[in-house]
Structures are given as structure tokens and as C-alpha cells.
Amino acid sequence: MTVPAPFLRWMLVAAWLCLCGAPQVAAAAPPQLDWPAIPSPSGAKTFWIAEYIEQNTVPMQIRGIESTESMEAVSRYYEKWLADKAGYGVSTVGALRVLGARLGMYQVTVQLRARPEGTAGRLVAARVYDEVQSEQRMQERAERIGKGFPRPAGSQVVSDTLSFDEGQRNRTIVVTNGVSVETNALYLREQMIRLGWTLLQDRTVEGGTRSALVFRRNSEEMVVTISKRDDGYFIVASQTTPE
């Protein structure tokens with residue numbers, strides 16, 4: 001069947017979350033939204049992975065699912081539930097069976113994979129539909145991704161993830177560019193100090209292919225790792241802020 005473009009986009013986001021692993025989140029004070037109820041087959045076990053997380057400004061809820069039934073059986077259950085909903089689509093991404101549709105303001109995505117004892121997967125609800133999808137609103141959201149984190153010219157923000165733990169807010173930013181580990185580290189040291197952060201640790205290891213920096217500003221802490229991967233360089237910055 002033809003997969004609708006909006007579903008394809010969120011299918012890939014959902015697959016990325018499953019393959020990379022979403023952070024475990026215990027809610028502190030995240031925004032309260034009217035999340036859709038995603039059912040589960042009889043006998044299946046569901047559990048929270050993230051009660052609230054924002055991926056590139058998009059609010060999400062993510063639950064894990066485990067079943068002793070085959071992936072085909074669990075897939076049929078969700079196909080029946082989703083088939084009459086707007087934007088329904090189903091596809092395969094690697095070893096994943098991914099199904100999705102729109103429920104009101106939300107894109108719901110079910111991702112399943114077979115395992116020897118049955119099926120495991122993720123149930124993702126993402127608020128991706130605004131009442132008014134104006135160009136200005138979309139521009140504002142684009143500008144929020146990576147905002148406040150310095151990076152060399154030509155850098156691309158891969159992801160900006162906001163989550164909540166008990167008593168603190170977490171933000172993880174992933175940036176890629178073509179600048180060396182040493183030059184990225186030098187740039188970040190200068191810019192972070194200019195922004196009021198204090199450098200607590202500065203280590204370059206693995207023959208100069210990896211750098212680790214730790215900054216503190218009042219009660220906030222940021223851990224930055226810079227590494228070379230294939231033909232590019234990646235910066236991962238994890239910031240924690242007490243609530």
C-alpha cells in the first residue's frame with residue numbers, strides 16, 4: 001500500500017527512537033496534554049519508557065510492549081485498530097514492523113519486532129498537528145532546535161531532546177559537522193566560558209579522536225563529548241537543570 005508522507009516521516013522518527021533507545025524518564029513537572037489511549041492485546045505487558053519527552057520540539061509519550069504472541073499476531077491486532085483512522089500506513093524498517101495513523105492532534109506509531117519468546121516493541125504518541133500550522137509557527141519551532149547551544153559555522157543539529165527526571169530537567173543535543181575534535185573542543189571551551197559556564201573537566205583521549213568536557217553554571221551541569229565517526233564529527237551535549 002502507499003504510505004502517506006506524514007506517516008513515513010514519523011515512522012522513521014519512531015524507528016530511530018527504537019533503534020537508538022529513548023531515555024528512561026520519570027516525570028518531574030512536564031506539561032500535561034490530552035494523550036490518546038493506545039490499547040494493547042490481551043496478555044501483553046506494557047511499561048513506560050517516557051511519560052513525557054520532546055524530540056526536536058515535538059511532545060511525545062513512549063511505552064514499551066512485550067507479548068508472547070508472534071509479531072504477525074500482534075501486528076494484526078494493531079492493523080485492525082488503526083485501519084479506519086486517518087493517514088493509516090504500515091511499512092518495514094529493517095527488522096521493525098511499523099504501523100501508524102493520526103488520532104486528532106497526535107500521530108500514533110506502533111513499532112514491533114520479533115524475538116524468540118514473542119514480540120517486543122514501542123507505542124509512540126507524538127503531538128505533531130497544531131490547530132494552526134502557520135509558516136511563522138513552523139519557523140519558531142525550527143529556531144528552538146539547538147537554541148542556546150554554541151556550535152561552529154556549518155554545524156547541523158541532528159536532535160534536541162527534552163525530558164524530565166525527578167527534580168530535574170534534562171536536555172540532550174546532538175550536533176554534527178566537518179570540524180576536527182580539537183577545533184570543536186577549542187570552540188566550545190571559548191564559547192561556553194563566554195556564556196558564563198565554568199570548565200570543570202577537559203580530556204582528549206583515544207589518540208585525539210574523542211574529547212570530553214564538563215561545564216557547570218550555578219546548579220546546572222553540561223557534559224559534552226566530541227568524537228569522530230566515519231567522515232564526520234559528532235557533538236553530544238547533555239545538560240541537567242534542577243527544577
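Ranked by how many other Cβ atoms sit within 10 Å of their own Cβ, fewest first, the residues MET60, MET138, MET105 fall in the order MET138, MET105, MET60. Other residues with beta-carbon under 11 Å from the beta-carbon of GLY196 carry, at +1 per Lys or Arg and -1 per Asp or Glu, a net charge of +2.
The GluC sites (Glu not before Pro) of segment 48-157 that DSSP puts in a loop, and whose beta carbon has at most 14 other beta carbons within 10 Å, are GLU117, GLU131.
Size estimate for segment 68-156 follows the Kirkwood approach: the inverse of mean 1/r over distinct Cα pairs works out to 15.6 Å. From the alpha carbon centroid of segment 167-221 to that of segment 24-102 is 34 Å. This model, with +1 at the C-beta of Lys and Arg and -1 at the C-beta of Asp and Glu, gives segment 144-240 a dipole about its Cα centre of some 240 debye.
Could you check the spin-label model distance between GLU117 and ALA95? Points 7 Å from the Cα along Cα→Cβ, value in nm. With each label point 7 Å from Cα toward Cβ, the separation is 1.5 nm. In the chain, the longest principal axis of the Cα atoms and the axis of helix 135-144 are about 50 degrees apart. For segment 145-242, the Kirkwood estimate of the hydrodynamic radius, built from every pair of different alpha carbons, is 13.6 Å.
Looking at the chain as a GNM with Cα springs under 10 Å, which of VAL108, VAL98, VAL158 has the largest mean-square fluctuation? Comparing VAL108, VAL98, VAL158 in a Gaussian network model of the chain, the most mobile one is VAL158. Cβ crowding within 10 Å ranks SER40, SER70, SER211 as SER70, SER40, SER211, fewest other Cβ atoms first.
Counting every other Cβ atom within 10 Å of each residue's Cβ, GLU206, GLU220 order from fewest to most as GLU206, GLU220. Would you compute, from DSSP H runs of 4+ residues alone, the mean residue ellipticity of the chain at 222 nm, taking -39500 (n - 2.57) per run and dividing by the full residue count, rounded to the nearest 500? -7000 deg cm²/dmol, from helical runs alone.
Here, each number is a calculation from the coordinates, and none is a lab measurement. Just so it is clear, the structure is predicted and the values come from calculations on it, not from any experiment. Every residue, glycine as well, gets a Cβ built from its backbone with ideal geometry; the counts of neighbours run over all protein chains shown.
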